[in-house]
Each structure stands twice: as structure tokens, then as C-alpha cells.
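Laboratory data are not the source of any read-out in this text; all were calculated from the coordinates shown. The structure displayed is predicted, hence computed values, not measured ones. Cβ sites come from the backbone with ideal geometry, for glycine too, and all protein chains shown count toward neighbours.
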């Protein structure tokens, strides 16, 4: 299952670069070593840490990603998602952590991408 996430990661990075580039400007090259604040590995470590501040950091990160994706859907920058309208922060955290536990080979990817992939896997849109 590694290929879909890597393809999604590359698409996400390219789309982000293109959206930020001024009109007519050539986009900068996207490398596989692009900087990211969180990886799946670092997010999993926070989520598994028993200290309350780490649990809060884990949940806050996931909620921030969810809000960012929902904002992009709202302004028409991305495709709609089929996640529950009233999904709780704890439910989102449990879903993401379960995904990170189930797919250890995915943990080097950007955590923001993995949050989206985990939620889309749990609540896929029906065709």
C-alpha cells in the first residue's frame, strides 16, 4: 500500500507548490526531501506518549489538519470528503493512530497526508 500514499504525497506537494506560485512563475522543484514539521513517525510518538501535553499536541495537530482540509473543500480547492460532519477530535485521533499502527511502512510520509489518507480510508466516498 506504499505506492498510493507516495503518489498522494507527491500530488499534494506539487499542488501546494503550484497554488503558492505567482502567476506565470515557474514552480520551484519539489524534492522528496521536502521539509515537514511532522512525519507519521513523530505524530505516532506524540499520540502514544502518556504525558497529557503530548496527547494534546497529537490531537491538536490532527484537528488542525482536518480543519485545513475542510477549509480547502469549502473554498473549492480540493475534492469533497465524506467524513462525518460531527466527527469528534478523539475519533479522528483514534482513526489516525490505528492507521499508523497498521501501516508502519507509511510513517516516513508527511503526517498531514497520512491524516487525510487514514480518514479517507475509514470514511471513503461512495461512487
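Once you sort the root eigenvalues of the Cα gyration tensor of the stretch 67-120 as a ≥ b ≥ c, which label holds: rounded (a/c under 1.5), prolate (a/b larger than b/c) or oblate (the other case)? Intermediate values should be presented prior to the final figure.
On the way: a/c = 2.65, a/b = 1.50, b/c = 1.77.
The shape class here is oblate.
Given a Förster radius of 25 Å and the C-beta distance between residue 91 and residue 71 as r, what FRET efficiency does 1/(1 + (r/R0)^6) yield to the nearest 0.05? The partial results should precede the final answer.
Working: r = 20 Å, r/R0 = 0.78.
According to the calculation, E is roughly 0.80.
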* Asked: Once the convex hull of the C-alpha atoms of the stretch 41-100 is built, how many Å³ does it hold per residue, rounded to a whole number?
  -> 86 Å³
